[in-house]
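The structure follows.
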Amino acid sequence: MNLKRAIAGGALVLAVALIGQFLGTMAGNADGERAKVRLEIVWPSLMSMPQEDRALLVGLAMSCRLERRQAEADEVVDCLRQAASSPDAMLPRGTDRASVPAQLNRLLAHQ
């Protein structure tokens, strides 16, 4: 009887973990899609930009939680500028943190 309970308990824990992972993945995908839509307000050709530029924008968007902002160009730009100035911003590997505000300004000038 104890073996059956242990197996049932283990199966329950596994099921809860899998459901949690599935729900977390779906929520993350939804947040990513909302952030992408907001970035495309400012950069309609986002997906055709060089990978390095997209990676920078995605890192900044994740840092400032762009998906939680209003879907308006001014909100998007404000959010990204805040992240670009933050010492805690998530940036692509090898990015010079001090040059990020200038890189963002360059991207904004070529929208």
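The values are calculated or read from the model by the stated rules, or taken from the named source; none is laboratory data. On a predicted model such as this, the values are computed, not experimentally measured, just so you know. We place every Cβ from the backbone using ideal geometry, glycine too, and count neighbours over all the protein chains shown.
Going by what's in this entry, would Ala102 be described as exposed (fewer than 13 other Cβ atoms within 10 Å of the Cβ), modelled with pLDDT of 95 or more and farther than 18 Å from Lys36 by Cβ?
Numbers: exposed (fewer than 13 other Cβ atoms within 10 Å of the Cβ): yes; modelled with pLDDT of 95 or more: yes; farther than 18 Å from Lys36 by Cβ: yes.
So Ala102 fits the description; yes.
Using the structure shown, decide if Asp78 is assigned to a helix (DSSP H, G or I), within 14 Å of Gln111 (Cβ to Cβ) and either of a type in the set (Val, Ile, Thr) or out of contact with any strand residue (DSSP E or B) (no Cβ under 7 Å at 6 or more places or on another chain) (or both).
no
When the residues of segment 29-49 are filtered to those that are among the acidic types (Asp, Glu) and modelled with pLDDT under 90, which remaining residue is surrounded by the fewest Cβ atoms within 10 Å (Cβ to Cβ)? Write out each step before concluding.
Taking segment 29-49 as the starting set, the residues that turn out to be among the acidic types (Asp, Glu) are 31, 33, 40.
Those left that are additionally modelled with pLDDT under 90: 31, 33.
Working: Asp31: 16, Glu33: 11.
Filtering first and then ranking leaves Glu33.
Another question about this same structure. Identify all residues within segment 84-111 that are assigned to a helix (DSSP H, G or I) and free of Cβ contacts under 8 Å to residues at least 24 places away in the same chain; write none if there are none. So that I can check it myself, show each step before the final result.
To start, the set of residues in segment 84-111 that are assigned to a helix (DSSP H, G or I) comprises 84, 97-109.
Correct list: Arg97, Ala98, Ser99, Pro101, Ala102, Asn105, Arg106, Ala109.
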